[in-house]
Amino acid sequence: MSLWYSLTQKIIFKRFLLQFYLHLLSLHFKNDIMRISIGNDHAGTLYKEAIVAHLEKAGHTVVNHGTDSEESVDYPDFVHPVAMDVAEGRSDFGVIICGSGNGANMTANKHQKIRSALCWTAEITTLARKHNDANILSIPARFTSLQQAVGMVDVFLSTSFEGGRHEDRVRKIPCR
């Protein structure tokens, strides 16, 4: 066999492997359509509208439990339904939005199977998913830009839980 023939065969095989891996990746991402529940109070209405449009454009199903008004409302009325959807498995993840993010986050975390994370940067969002297996993202509308919020949602939905040493810690979170 000539050196030329051997090199050609290696290149063909590497191209085949690359195409095969790309095909597997495309199959994986085609099935990443999720059902997301979203809730907000009056401070998060504009953010919710932008996030819903962004998620629907990406092909996700969005369940809107939030207010569509900027008139003052009580955030627990819009957060509990999101937490129940996620806790009972009707939604894959949740996004909740209020002025500081704190009240919504505290409300969601009253539910046993919920690990809601108050995030204001992409880095904190990444760690909330990787290390804490957060299943609800709480966004402080008065302390993040709209662009940041949409970016955090993308990071939240695309980041996986690392497991490993974090798994035992996450298992210890709920009160028994």
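Here Gly44, Gly66 are screened, and the one residue that is surrounded by 15 or more Cβ atoms within 10 Å (Cβ to Cβ) and either modelled with pLDDT under 95 or closer than 17 Å to Ser91 by Cα (or both) is Gly66. Scanning the stretch 88-121 for residues being modelled with pLDDT of 95 or more, out of contact with any Asp or Glu (no Cβ under 6 Å at 6 or more places or on another chain), not in a helix (DSSP H, G or I) and not charged (D, E, K, R) gives a total of 18. Of all residue pairs spaced 6 or more apart or on separate chains, those with beta-carbon atoms under 6 Å, a first member in the stretch 113-133 that is within 15 Å of Asp92 (Cβ to Cβ) and a second member that is aliphatic (A, V, I, L, M) and assigned to a helix (DSSP H, G or I) are Lys113/Ala87; Ile114/Ala83; Ile114/Ala87; Ile114/Ala108; Ser116/Ala108; Asp133/Val170. Take the residues in the stretch 32-79 that are in contact (Cβ under 8 Å) with a residue 40 or more places away in the chain and of a type in the set (Val, Ile, Thr); name whichever of them is nearest to Asn105 (Cα to Cα). Among residues in the stretch 32-79 that are in contact (Cβ under 8 Å) with a residue 40 or more places away in the chain and of a type in the set (Val, Ile, Thr), the one nearest to Asn105 (Cα to Cα) is Val79. Just for the stretch 139-176: of the residues that are surrounded by fewer than 11 Cβ atoms within 10 Å (Cβ to Cβ), of a type outside the set (Lys, Arg) and assigned to a helix (DSSP H, G or I), which one is modelled with the lowest pLDDT? Once the filter is applied, the top-ranked residue is Asp168.
For the stretch 58-87, filtered to residues that are in a loop (DSSP other than H, G, I, E, B) and of a type in the set (A, V, I, L, M), the residue that is nearest to Lys130 (Cα to Cα) is Ala58. All conditions in (1) over 16 Å from Gly39 (Cβ atoms); (2) touching a residue at least 40 places away in the same chain (Cβ under 8 Å) hold for Ser91, with the sole exception of (1).
The values are calculated or read from the model by the stated rules, or taken from the named source; none is laboratory data. Only a predicted model underlies this, so the values are computations on that prediction, with no experimental measurement involved. Neighbour counts are summed over all protein chains in view; Cβ atoms, including those assigned to glycine, are modelled from backbone coordinates with ideal geometry.
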